[in-house]
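Scroll down for the structure; my scribbles are underneath it.
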Amino acid sequence: MKKTINNTMLFAATLVLSVFLFTFCTQTVEDPKDSEEIVNSDEILRQFQTVGLLHNEIMDEVLDDFRNHDGHFEDMEGYFDFLEESLVRNLSSKDLLIGMKIEDIQALVVDELVRTRTHYQAHKYKALESESILLSVVSLYEGILSPKQIDILRRVENIIDHALTVDDMIISLEMVNNSPEVHSLDYEDRLVIYAATSVGIESAIYWNANFEKWIEVLMYNDSSDLNFQKVAGAGFFDSIQWFNGRRMINTDVATGVGGAIGGCLQGALAGGVGCIPGGITGGLIGAAVGSTTDAVLQILNR
């Protein structure tokens, strides 16, 4: 992220994301601008690895909410009203967000729900060509991200698109974390990359293990549906023809990155919590909302 962000960029990014200023006071990592203590990359990576794990916890909690829901939903909007309520409640229970106001969390959740659904519809009706949601986020923030950050995020995109197995994807994303290109970045610049790799790793682990559970629950356990039948011998990415595992992970990474950038920008404003804490909380909210939204859209629109 460029060292100097002018007011126009901040204002534009704020309008696009509709991100509220984070007013909570607890900081898990100190901002070096306000302290002589140096924040090293390992600490930033550890924080985002926590974000990835919390993402998976929230996925399970939202799935349980759907599983325990009594009755059927009238229409798609009923699903998303329920999803919004579940996300806000489960996100609010996490220590990482404990100081945020419920209404601020809800506003961010609604914003990401709209963004992910809009992108999905644009692809569905061919309003967009083949650009993924991650590349859309990169394009959106091209004036804020450095050329080196953009190159690394495009590398992450390529890994998601071409890894043969989940294990290959995880190994490749871990290699990105340890690459000279990432370690040559300044501390705030690494934040965006670690949001992508950490969410990507945990997303791959989660959906590889749990995507069938989501399908069963949202299809009311109707596993007899022919659309559910797995392709014999296929891995996670290709096991069900209409469920796009790669896109699922791409969306998780994109919304995690977008949330991290927005949170960093807001946290860096006067009176904010600082770029890194703001980016961490924004990354968690973005990844959780994007993940659940894409899953519901893929399954219900099968």
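The values are calculated or read from the model by the stated rules, or taken from the named source; none is laboratory data. Not measured: the values here are computed from a predicted model. Quick reminder, even Gly has a Cβ in these numbers, built from the backbone with ideal geometry, and neighbours come from all protein chains shown.
Brief remarks on what is shown
- Any chance ILE299 is hydrophobic (A, V, I, L, M, F, W, C), part of a helix (DSSP H, G or I) and at pLDDT 90 or above: no
- Criterion violated by GLY143 - all others in (1) more than 16 Å from the chain's Cα centre (by Cα); (2) surrounded by fewer than 20 Cβ atoms within 10 Å (Cβ to Cβ); (3) in a helix (DSSP H, G or I) satisfied: (3)
- Restricting GLU212, GLU216, GLU202 to residues that are at pLDDT 80 or above, within 25 Å of GLN149 (Cα to Cα) and not polar (S, T, N, Q) narrows the list to GLU202.
- Condition check for SER86: among the polar types (S, T, N, Q), exposed (fewer than 15 other Cβ atoms within 10 Å of the Cβ), in a helix (DSSP H, G or I) and at pLDDT 90 or above: no
- In segment 159-207, residue surrounded by the fewest Cβ atoms within 10 Å (Cβ to Cβ) [restricted to those that are polar (S, T, N, Q) and under 19 Å from ILE280 (Cα atoms)]: ASN177
- Any chance PHE243 is closer than 18 Å to THR292 by Cβ, buried (at least 18 other Cβ atoms within 10 Å of the Cβ) and at pLDDT below 85: yes
- No other residue among LEU96, LEU113 is under 13 Å from GLY282 (Cβ atoms), out of contact with any strand residue (DSSP E or B) (no Cβ under 8 Å at 6 or more places or on another chain) and touching a residue at least 40 places away in the same chain (Cβ under 8 Å) apart from LEU96.
For (1) at pLDDT 95 or above; (2) more than 22 Å from ALA268 (Cβ to Cβ), each residue gets a yes or a no:
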{"position": "GLU30", "(1), (2)": "no, no"}
{"position": "GLU37", "(1), (2)": "no, no"}
{"position": "GLU43", "(1), (2)": "no, no"}
{"position": "PHE48", "(1), (2)": "no, no"}
{"position": "GLU57", "(1), (2)": "yes, yes"}
{"position": "ASN68", "(1), (2)": "no, yes"}
{"position": "PHE80", "(1), (2)": "no, yes"}
{"position": "ASP95", "(1), (2)": "no, yes"}
{"position": "ILE98", "(1), (2)": "no, no"}
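- Output for segment 191-217, where each listed residue is of a type in the set (Asp, Glu) and over 14 Å from ASP252 (Cα atoms): GLU212, GLU216
Rundown of residues vs (1) within 20 Å of THR255 (Cα to Cα); (2) touching a Lys or Arg at 6+ places or on another chain (Cβ under 9 Å); (3) modelled with pLDDT under 95, yes/no style:
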position	(1), (2), (3)
VAL156	yes, no, no
ASP161	yes, yes, yes
VAL176	yes, yes, no
SER184	no, yes, yes
ASP189	yes, yes, yes
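- Residue satisfying condition, being assigned to a helix (DSSP H, G or I), among the charged types (D, E, K, R) and within 20 Å of the chain's Cα centre (by Cα), within set ASP168, ASP189: ASP189
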